[in-house]
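Step one of this worksheet: look at the structure below.
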Amino acid sequence: MPASLAVRRPPLVLGNWKMNCDVAFAERLLAELVGQAPLPVEVGVCPPYPYLGLAAARLAGSGIGWGAQDVAAQADGAFTGEVSSTMLADLGCRWTLVGHSERRTLFGETDALVAAKVARALAAGLVPVVCVGETREEREQGDTEAVLSRQLDAVTGELAQAGGRFVLAYEPVWAIGTGLTATPSQAQSAHAFLRTRLVQADVSGAASVRVLYGGSVKASNAGALFALPDVDGGLIGGASLVGEEFLAIVRAAARRC
Ligand code: PGA
């Protein structure tokens, strides 16, 4: 039996608000989500750091979780501007994104830095959502699997210690915020590749780890993506800022159950 079918993986939908929102916007969006709780699958939002406390207050008891978009690689100390994994855990975060392509591309995060962040997240009891994905040029040159291997292999040492308490997000860089989405066959093949690689690396719990798809997911394409055997949910950017759209994506994920 292929690894993808061996274990039931409950869908997960995460909203990545990126550097958007203000207090009033966050209040409205959180209220809209809470108004529909309990949601039919596991759902979380990742607001900017200053709004995590607000998310914690408004989402407490709703079943909807919250997480961060990034985390420091250091434990604590003189690191101006950084936010530690223990602070995030203190605020009740369940997840933190790590290695989002915008961090890698715009802020120069290396594979080694991503691995250090994964280690910090795990040490604080957070579930790291490790983002990987190829650029358009890399795909066109036939390098997709080489890039995914490099990015994943950089963190498998950390993930091997995690007892399956981590999430992967396949986010082709060319699909993020562009309106372009991976075709179902491109997404399925990348997701299956990532899972097989985890199994080959002997990472415990590899068959049950959720691999999310991210990159221009909308209510209109979510159903086709979430129907794929190795797509276990989504990491949603732009569409997570529109309550009704995000909730429609959540309902699409529930049809996977
Ligand atoms: P998008 O972003 O849904 O706006 O393409 C996804 C992401 O960057 O996580």
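Ranked from highest to lowest mean number of other Cβ atoms within 10 Å per residue, what is the order of the peptides 135-148, 154-167, 225-238?
On the way: 135-148: 14.8, 154-167: 19.1, 225-238: 23.4.
The peptides rank, most packed first, as 225-238, 154-167, 135-148.
Counting other beta carbons within 10 Å of each residue's own, what order do F193, F246, F107 fall into, fewest first?
In order of increasing Cβ crowding within 10 Å: F107, F193, F246.
Restrict the search to the stretch 63-111; then list the GluC sites (Glu not before Pro) that DSSP places in a loop and that have at most 15 other Cβ atoms within 10 Å of their Cβ.
Numbers: sites: E82, E102, E109; in loops: E82, E109.
In loop regions of the stretch 63-111 (DSSP not H, G, I, E or B), the sparsely surrounded GluC sites (Glu not before Pro) are E82.
Any idea how far the Cα center of the stretch 123-194 sits from the one of the stretch 79-106, in Å?
18
To the nearest 500 deg cm²/dmol, what mean residue ellipticity at 222 nm is calculated for the chain from DSSP H runs of n ≥ 4 alone, each contributing -39,500 (n - 2.57), summed and divided by the residues? Kindly include the intermediate steps, with their values, before the conclusion.
On the way: 11 runs with 108 residues, N = 257.
Estimated from H runs of four or more residues: -12500 deg cm²/dmol.
Per-residue counts of other Cβ atoms within 10 Å, averaged by peptide: what ranking do you get for 208-214, 179-185, 60-66, 247-253, highest first?
208-214, 247-253, 60-66, 179-185
By per-residue mean of other Cβ atoms within 10 Å, what is the highest-first order of 89-97, 36-44?
Values: 89-97: 20.1, 36-44: 17.2.
My ranking of the peptides, most packed first, is 89-97, 36-44.
Using Cα-Cα distances under 8 Å and only pairs 6 or more residues apart, what relative contact order does the chain have, in percent?
Value for the chain: 22 percent.
Which shape class, rounded, prolate or oblate, goes with the chain when its Cα gyration tensor gives a ≥ b ≥ c as root eigenvalues, a/c under 1.5 marks rounded, and past that a/b bigger than b/c marks prolate?
rounded
Laboratory data are not the source of any read-out in this text; all were calculated from the coordinates shown. Just so it is clear, the structure is predicted and the values come from calculations on it, not from any experiment. So basically every Cβ, Gly included, is an ideal-geometry build from the backbone, and we count neighbours across all protein chains shown.
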